[in-house]
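Colleague: One structure coming up, written as structure tokens, with questions to follow.
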Amino acid sequence: MPPCWTLSGGIVLVYSVCEQNEMLRIRVLHGPILNLLGSREQSIYGTMSLDTMDSAILKLAEELAVEVDLRQSNSEGELVGWIQEARTGYDGIIINPAGYTHTSVAIRDAIAAVGLPTVEVHLSNIHQREEFRHRSYIAGVAIGQISGLGPTGYLLALRGLHDHLTASRRQKKTSPPSTSRRAARGTR
Ligand code: CA2
């Protein structure tokens with residue numbers, strides 16, 4: 001798939017079928033112990049299982065025409081690997097890093113390194129809970145954080161990230177390449 005334009009001998013070639021018209025792809029990552037959702041600590045995390053939550057995410061993704069890839073891991077290294085891997089083929093990340101939110105410089109660095117727009121989600125309101133949960137290593141490299149809205153938080157994250165990515169694609173499409181703008185002004 002070509003880019004949406006190329007500069008060839010001072011002429012901008014515009015392609016109608018190009019990479020920016022491709023379906024958005026979002027990777028959704030669930031951190032440690034979230035596989036037990038619905039079975040324990042229901043007063044904090046609710047009664048919905050991870051499978052049911054994933055089905056709701058997939059349903060919304062279909063409505064938004066977004067491709068989502070959902071994964072859960074208890075391993076910090078595996079999560080870091082999946083974040084790195086998302087650099088090729090994905091447009092954004094939604095992550096509930098669970099307990100790693102409050103400890104993981106590695107997950108933060110991985111998100112910063114890939115540079116993909118990332119939304120941090122928490123089922124519970126981490127700011128109303130114990131002091132150690134108030135600090136997120138991820139928030140500083142995320143475009144936003146949703147905390148305390150239960151499974152709805154993931155759906156809001158998907159809508160928000162979809163809108164963010166669609167807007168930035170539209171912006172890229174309408175603004176000409178900076179080199180041609182400079183050339184048009186006759187400046188360097
Ligand atoms: O509220 C959230 O989504 C959290 O990310 C959940 C983490 C917690 O460490 C964060 O501070 C906030 C814990 C996930 C553990 O999930 C469980 C699921 C079922 C039963 C027990 C724990």
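Colleague: Regarding the stretch 154-176, can at least one residue be identified that is open to solvent by 30 Å² or more (accessible area, probe 1.4 Å), β-branched (Val, Ile, Thr) and more than 18 Å from the chain's Cα centre (by Cα)? Full working, then the answer.
Modeller: The initial filter retains those residues of the stretch 154-176 that are open to solvent by 30 Å² or more (accessible area, probe 1.4 Å), namely 155-156, 159-160, 162-164, 166-176.
Within this subset, residues satisfying the condition of being β-branched (Val, Ile, Thr) are 166, 174.
Right, trim to more than 18 Å from the chain's Cα centre (by Cα) and you get 174.
Yes, the stretch 154-176 contains at least one residue that is open to solvent by 30 Å² or more (accessible area, probe 1.4 Å), β-branched (Val, Ile, Thr) and more than 18 Å from the chain's Cα centre (by Cα).
Colleague: Further, regarding this structure: Select from the stretch 111-137 the residues that are surrounded by 22 or more Cβ atoms within 10 Å (Cβ to Cβ) and touching a Phe, Trp or Tyr at 6+ places or on another chain (Cβ under 8 Å) and list them in ascending order. Working first, answer last.
Modeller: Taking the stretch 111-137 as the starting set, the residues that turn out to be surrounded by 22 or more Cβ atoms within 10 Å (Cβ to Cβ) are 111, 118-123.
Matches in the stretch 111-137: 121, 123.
Colleague: Identify the single condition in (1) of a type outside the set (A, V, I, L, M, F, W, C); (2) within 12 Å of the ligand (Cβ to nearest atom); (3) surrounded by fewer than 19 Cβ atoms within 10 Å (Cβ to Cβ) that residue 72 does not satisfy, given that it satisfies every other one.
Modeller: It fails just one condition, (3).
Colleague: I've got another one for you. What's the number of the condition residue 80 fails, among (1) within 16 Å of the ligand (Cβ to nearest atom); (2) touching a Ser or Thr at 6+ places or on another chain (Cβ under 9 Å)?
Modeller: (1)
Colleague: Now a separate question. Examine the stretch 54-68 for a residue that is touching a residue at least 12 places away in the same chain (Cβ under 8 Å), loosely packed, with under 12 Cβ neighbours inside 10 Å and not in a helix (DSSP H, G or I), and state whether such a residue exists.
Modeller: Here is the first cut: in the stretch 54-68, the residues touching a residue at least 12 places away in the same chain (Cβ under 8 Å) are 54, 56-58, 60-61, 64-68.
So of that shortlist, the ones also loosely packed, with under 12 Cβ neighbours inside 10 Å come out as 65.
If we keep only those that are not in a helix (DSSP H, G or I) as well, we get 65.
Yes, the conditions are met somewhere in the stretch 54-68.
Colleague: Can you name every residue in the stretch 7-28 that is open to solvent by less than 40 Å² (accessible area, probe 1.4 Å) and modelled with pLDDT under 95?
Modeller: The initial filter retains those residues of the stretch 7-28 that are open to solvent by less than 40 Å² (accessible area, probe 1.4 Å), namely 18, 20, 24, 26-28.
Hits for the stretch 7-28 are 18, 20.
Colleague: Hey, another quick one. Out of 31, 46, which single residue is open to solvent by less than 10 Å² (accessible area, probe 1.4 Å) and either modelled with pLDDT under 95 or within 16 Å of the ligand (Cβ to nearest atom) (or both)?
Modeller: Details: 46 fails: open to solvent by less than 10 Å² (accessible area, probe 1.4 Å).
Going through 31, 46 in turn, the sole match is 31.
Colleague: Okay, moving on. Within the stretch 151-167, can you find the residues that are among the small types (Gly, Ala, Ser) and in contact (Cβ under 8 Å) with a residue 24 or more places away in the chain? Reasoning before the result, please.
Modeller: If we filter the stretch 151-167 for residues that are among the small types (Gly, Ala, Ser), which is where we start, we get 153, 157, 160, 167.
Hits for the stretch 151-167 are 153, 157, 160.
Colleague: Going through the stretch 121-150 one residue at a time, which ones are touching a helix residue (DSSP H, G or I) at 6+ places or on another chain (Cβ under 6 Å), within 9 Å of the ligand (Cβ to nearest atom) and either in contact (Cβ under 8 Å) with a residue 60 or more places away in the chain or part of a strand (DSSP E or B) (or both)?
Modeller: 121, 123, 124, 147
Colleague: Here is a further query. If residue 108 satisfies all but one of (1) open to solvent by 30 Å² or more (accessible area, probe 1.4 Å); (2) in contact with a Leu (Cβ under 8 Å, 6 or more places away or on another chain); (3) in a helix (DSSP H, G or I), what's the number of the condition it fails?
Modeller: (2)
The values are calculated or read from the model by the stated rules, or taken from the named source; none is laboratory data. This structure is a prediction, so every number in the text was calculated from the model and none was measured. Note that each Cβ is placed from the backbone with ideal geometry, even for glycine, and that neighbours are counted across all protein chains shown. Note: accessible area is taken over every heavy atom of the protein model, side chains too, but ligands, DNA and RNA are not part of it. Shrake-Rupley method; radii C 1.70, N 1.55, O 1.52, S 1.80 Å.
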